[in-house]
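Here's the structure, in structure tokens; my notes come after.
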Amino acid sequence: MAHDTDMQPSSVRASSDPLVLPGAGDWLTWVGERCEGELAEAVRQVERVKAGSTDAGEVLRAWNRAETALANADAVALWSEVHPDAAVRDRADELSQQVQKYVTELGQDRDLFAVFAALDAEGLDDDARRVLDHTLRDFRRTGVDRDDATRDRLRELSERSVKLSQDFGRTIRDDVRSIRIAPERLAGLPDDYRAAHPAEDDGLVTITTDYPDLVPFTTFGSDVEARRELSLAANNVAWPANDQVLQDLFAVRRETADLLGYASWPDYDAEVKMIGSGQAIADFIERISEAATERAGQEVAVLLERKRADDPDAEVVTTYDSRYYSELVRREQYAVDGQVVRTYFGFEQVRQGLLDVTGRLFGLEWTPVPHDEAGTWHEDVASYDVGLDGRRIGRIHLDLHPREGKFKHAAQFDMVKGVAGTQLAEGVLVCNFSRGLMEHDEVVTLFHEFGHLVHHVLGGQGEWLRFSGVATEWDFVEAPSQMLEEWAWDTDVLATFARNAEGETIPAELVAAMRRADHFGKGLYAVQQMSYAARSYYFHAARHDDLTSYGDELQRRYSVFPPLEGAHMHCAFGHLDGYSSGYYTYMWSLVIAKDLFSAFDVDDMFAPDVATAYRDKVLARGGRADAADLVADFLGRPYSFDAWAAWLAE
Ligand SMILES: [Zn+2]
């Protein structure tokens with residue numbers, strides 16, 4: 001791709017045009033050209049920033065173009081997670097390293113920093129002033145003001161961290177494990193699952209650690225030893241390879257924080273979050289644990305009592321019992337049979353239902369884009385244009401089924417960050433659902449992930465790349481998604497799409513029972529989350545020689561389920577990379593999500609005024625204000641723990 005200084009790839013395109021993808025064409029070449037072209041554009045715009053203008057507005061606009069091109073180059077990371085061709089995934093990894101290398105160089109470019117430091121903010125509007133403040137803060141956090149030797153070392157550490165992150169993720173993606181068992185050991189599993197797992201030539205059945213195999217097996221499989229074997233396999237994914245990778249990654253982070261003058265990595269990381277400091281994370285973990293421990297104890301006693309009906313000598317409920325006995329308790333004591341529930345959630349209906357529900361709630365229209373027009377990487381991907389008030393505001397791509405070499409969890413990835421007048425917001429949901437019936441849990445997950453996608457698109461309508469999409473403090477980002485989960489639990493909402501093969505709508509009594517049953521397990525969920533949050537925080541707060549035994553110790557301290565003998569769950573705990581010390585985010589965001597939801601009328605979940613206010617005051621503003629201020633603006637008061645505490649006590 002050729003560029004000259006007057007041809008800017010991102011601005012010659014009409015603002016409403018989606019990115020042109022290669023479809024059946026040559027992805028390997030395209031990925032390289034896209035990334036390197038945008039990177040070259042970023043370099044050119046950075047030169048303009050450094051060209052000597054002292055007009056703050058002019059400098060910030062050039063910087064905005066540079067950041068836009070950099071974000072476009074960085075979005076190449078998506079293809080390392082989803083592309084069906086391993087060569088494209090590897091190429092995308094290499095390109096990401098180049099992008100990160102340049103980002104690191106920029107962060108330590110003293111001449112560039114000097115340009116911003118000399119700008120006069122007088123006369124800038126609020127958004128531009130905020131861009132300048134955040135830019136200066138970013139520079140300080142990359143060590144631009146340190147001596148040469150320190151900056152060199154920080155650069156090395158940053159490059160090493162990118163490489164380690166990629167190794168960590170790749171090992172998890174590529175390491176699918178399985179158990180091979182006799183067909184009778186599938187006792188308890190639904191017929192469609194058994195049909196999808198026939199015996200092979202040697203008479204045995206293969207069950208993998210991919211979610212569509214793992215989740216139903218640990219929920220419904222009555223063979224306790226088979227559940228243990230599969231859980232053990234899942235908790236050994238990426239072991240032992242990732243153990244050393246994590247030790248190296250933690251060491252890099254510790255040294256980085258130290259060189260930048262912070263007491264710990266969590267202090268460095270939390271500085272730009274709502275929570276503010278490492279100590280506040282430790283305090284939050286204790287606060288939630290204390291609030292939830294009694295309830296978790298009562299719930300585990302219920303599970304143990306039920307387990308004793310099968311095994312009178314049982315003394316503990318294990319991690320591989322928890323889903324299974326929770327499911328039985330819900331079925332027997334709350335009249336919720338997961339196998340009946342799932343008959344109402346055929347994948348295609350759920351996907352359409354989700355679009356209809358969110359369309360109605362936020363006033364959005366979804367127009368399907370045919371596969372050959374969208375030009376995506378796989379025929380499974382469903383693409384839609386997003387319309388608001390008759391105007392196209394984005395495009396989304398739903399890549400929802402597992403395949404070899406694909407990202408194993410559920411997440412939203414940016415493809416293009418929206419910038420008004422420059423480029424259309426495009427996002428991708430990457431999940432691993434079955435093509436047939438879905439568990440209700442998975443329906444909730446789909447609503448959750450879709451919340452991120454809606455945030456990405458609605459927040460992608462402003463002028464500044466820095467604030468585009470999900471650009472708030474990182475411990476707020478789960479709140480909008482967790483709040484959207486509430487719509488997957490509402491009787492009237494579910495009645496719009498949850499129908500079985502006979503065309504019967506899910507009965508209101510069943511949804512009511514599901515909601516009652518869902519309250520069972522909240523304490524268990526909270527303490528289990530804190531055991532993960534504790535790993536994420538304490539692994540980063542200080543060095544630990546044996547991550548397995550220290551992780552087990554934290555499990556014993558925070559969870560009610562004993563550690564699984566022989567397991568090394570940290571090796572496949574992907575959030576240790578992306579969230580680093582910040583896994584507490586999920587519970588922190590839930591506290592805020594419950595508060596946000598308190599503004600809605602549970603008897604009228606589609607009431608337009610509150611939904612529109614939420615859309616415009618929280619989602620559409622992206623990162624233009626601190627999350628606490630966005631929430632206060634919507635609620636008319638600061639956020640509090642009250643709604644969360646009431647929910648836990650319910
Ligand atoms: Zn999420």
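Restricting to region 467-478, count the residues that are away from the ligand (no atom under 16 Å from the Cβ) and either surrounded by 24 or more Cβ atoms within 10 Å (Cβ to Cβ) or in a loop (DSSP other than H, G, I, E, B) (or both).
The number of residues fulfilling the criteria is 1.
Quick one: count up the residues across region 251-287 that are free of Cβ contacts under 8 Å to residues at least 40 places away in the same chain and among the small types (Gly, Ala, Ser).
Residues that pass the stated criteria total 6.
Among the numbered criteria (1) within 26 Å of the chain's Cα centre (by Cα); (2) touching a residue at least 24 places away in the same chain (Cβ under 8 Å), which single criterion is violated by THR343?
(1)
Please go through region 52-92 and pick out each residue that is free of Cβ contacts under 8 Å to residues at least 12 places away in the same chain, farther than 13 Å from ALA118 by Cα and in contact with a helix residue (DSSP H, G or I) (Cβ under 8 Å, 6 or more places away or on another chain).
Narrowing region 52-92 to residues free of Cβ contacts under 8 Å to residues at least 12 places away in the same chain: 52-53, 55, 58, 61, 90.
So of that shortlist, the ones also farther than 13 Å from ALA118 by Cα come out as 58, 61, 90.
Result: ASP90, single match.
Tally the residues that are in a helix (DSSP H, G or I) and at pLDDT 95 or above, restricting the search to region 590-608.
Initially, region 590-608 is screened for residues in a helix (DSSP H, G or I), giving 590-597, 608.
Now drop any that are not at pLDDT 95 or above, which leaves 590-597.
Going through region 590-608 one residue at a time, the tally reaches 8.
Under the condition of being within 14 Å of the ligand (Cβ to nearest atom) and in a loop (DSSP other than H, G, I, E, B), which residue from region 401-431 is modelled with the lowest pLDDT?
Here the residue is HIS409.
What number of residues within region 382-400 are β-branched (Val, Ile, Thr) and more than 16 Å from the ligand (Cβ to nearest atom)?
So the first thing to find is which residues in region 382-400 are β-branched (Val, Ile, Thr), and the list is 386, 393, 396.
Checking which are more than 16 Å from the ligand (Cβ to nearest atom) leaves us with 386, 393.
Within region 382-400, residues that are β-branched (Val, Ile, Thr) and more than 16 Å from the ligand (Cβ to nearest atom) number 2.
Please go through region 189-216 and give me each residue that is assigned to a loop (DSSP other than H, G, I, E, B) and touching a residue at least 60 places away in the same chain (Cβ under 8 Å), ordered by number. Outline the logic, then answer.
We begin by selecting, within region 189-216, every residue assigned to a loop (DSSP other than H, G, I, E, B); these are 189-190, 197-204, 209-210.
Correct list: PRO190, ASP210.
Would you mind telling me which numbered condition in (1) of a type in the set (Phe, Trp, Tyr); (2) buried (at least 17 other Cβ atoms within 10 Å of the Cβ); (3) away from the ligand (no atom under 16 Å from the Cβ) TRP588 fails?
Every condition holds for TRP588 apart from (3).
Go through region 135-181 and report how many residues are more than 30 Å from VAL430 (Cα to Cα), in contact (Cβ under 8 Å) with a residue 12 or more places away in the chain and in a helix (DSSP H, G or I).
Qualifying residue count for the region: 10.
Of the residues ALA628, ALA643, which is buried (at least 16 other Cβ atoms within 10 Å of the Cβ) and part of a helix (DSSP H, G or I)? Spell out how you get there, then give the answer.
On the way: ALA628 fails: buried (at least 16 other Cβ atoms within 10 Å of the Cβ).
Of the residues listed, the single one that is buried (at least 16 other Cβ atoms within 10 Å of the Cβ) and part of a helix (DSSP H, G or I) is ALA643.
Would a scan of region 73-86 turn up a residue that is within 22 Å of HIS134 (Cα to Cα), in a helix (DSSP H, G or I) and within 29 Å of the chain's Cα centre (by Cα)? Break it down stepwise before answering.
Initial filter on region 73-86 (within 22 Å of HIS134 (Cα to Cα)): 73-75.
Imposing the further condition that a residue be in a helix (DSSP H, G or I) reduces the set to 73-74.
If we keep only those that are within 29 Å of the chain's Cα centre (by Cα) too, we end up with 73-74.
Among the residues of region 73-86, at least one is within 22 Å of HIS134 (Cα to Cα), in a helix (DSSP H, G or I) and within 29 Å of the chain's Cα centre (by Cα), which makes the answer yes.
I'm trying to understand the selection: among the residues of region 268-279, which are crowded, with 18+ Cβ neighbours inside 10 Å and within 21 Å of LEU630 (Cβ to Cβ)?
ALA270, LYS273, MET274, ILE275
Kindly indicate which of VAL329, VAL350, VAL341 is closer than 30 Å to GLN461 by Cβ and of a type in the set (A, V, I, L, M).
Working: VAL329 fails: closer than 30 Å to GLN461 by Cβ; VAL341 fails: closer than 30 Å to GLN461 by Cβ.
One residue alone meets the criteria, VAL350.
Given the options ASP490, ASP441, name the one that is within 18 Å of VAL357 (Cα to Cα) and away from the ligand (no atom under 16 Å from the Cβ).
Only one candidate qualifies: ASP490.
For the condition within 15 Å of the ligand (Cβ to nearest atom) and either outside any helix (DSSP H, G or I) or of a type in the set (Gly, Ala, Ser) (or both), what is the one hit in SER434, SER481?
Numbers: SER434 fails: within 15 Å of the ligand (Cβ to nearest atom).
After ruling out the rest, the residue left standing is SER481.
Test SER589 against the stated conditions and say whether it is of a type in the set (Ser, Thr, Tyr), under 20 Å from GLU473 (Cβ atoms) and in contact (Cβ under 8 Å) with a residue 24 or more places away in the chain.
Numbers: of a type in the set (Ser, Thr, Tyr): yes; under 20 Å from GLU473 (Cβ atoms): yes; in contact (Cβ under 8 Å) with a residue 24 or more places away in the chain: yes.
Criteria met by SER589.
Name every residue in region 227-236 that is surrounded by fewer than 22 Cβ atoms within 10 Å (Cβ to Cβ) and over 17 Å from SER549 (Cα atoms), in order of residue number.
Of all residues in region 227-236, those surrounded by fewer than 22 Cβ atoms within 10 Å (Cβ to Cβ) come to 228-229, 232-233, 236.
Listed by number, the residues that qualify are ARG228, GLU229, ALA233.
Would you pick out the residues in region 330-350 that are out of contact with any strand residue (DSSP E or B) (no Cβ under 7 Å at 6 or more places or on another chain), modelled with pLDDT of 95 or more and buried (at least 18 other Cβ atoms within 10 Å of the Cβ)?
Answer for region 330-350, where residues must be out of contact with any strand residue (DSSP E or B) (no Cβ under 7 Å at 6 or more places or on another chain), modelled with pLDDT of 95 or more and buried (at least 18 other Cβ atoms within 10 Å of the Cβ): VAL341, PHE347, VAL350.
Go through region 444-466 and give me each residue that's part of a helix (DSSP H, G or I), more than 11 Å from the ligand (Cβ to nearest atom) and surrounded by fewer than 22 Cβ atoms within 10 Å (Cβ to Cβ). Step through it out loud before you land on a result.
At the first step, the residues of region 444-466 found to be part of a helix (DSSP H, G or I) are 444-461, 465-466.
With the extra rule that they be more than 11 Å from the ligand (Cβ to nearest atom), the set shrinks to 444, 446, 454, 456-461, 465-466.
Hits for region 444-466 are VAL444, GLN461.
Taking the options ALA280, ALA257, name whichever one is in contact with a helix residue (DSSP H, G or I) (Cβ under 6 Å, 6 or more places away or on another chain) and in a helix (DSSP H, G or I). Outline the logic, then answer.
Working: ALA280 fails: in contact with a helix residue (DSSP H, G or I) (Cβ under 6 Å, 6 or more places away or on another chain).
After ruling out the rest, the residue left standing is ALA257.
Output the residues belonging to region 366-412 that are crowded, with 16+ Cβ neighbours inside 10 Å and acidic (Asp, Glu).
ASP380, ASP385, ASP399
When only residues in region 575-585 that are among the small types (Gly, Ala, Ser) and buried (at least 19 other Cβ atoms within 10 Å of the Cβ) count, which is nearest to the ligand (Cβ to nearest atom)? Spell out how you get there, then give the answer.
At the first step, the residues of region 575-585 found to be among the small types (Gly, Ala, Ser) are 578, 580-582.
The next check asks that each one be buried (at least 19 other Cβ atoms within 10 Å of the Cβ); those that pass are 580-582.
Values: SER580: 16, SER581: 18, GLY582: 13 Å.
Of everything passing the filter in region 575-585, GLY582 is nearest to the ligand (Cβ to nearest atom).
The values are calculated or read from the model by the stated rules, or taken from the named source; none is laboratory data. Because the structure is a prediction, the values reported are computed rather than measured. All Cβ positions, even for glycine, are placed from backbone atoms using ideal geometry, and neighbour counts span all protein chains on display.
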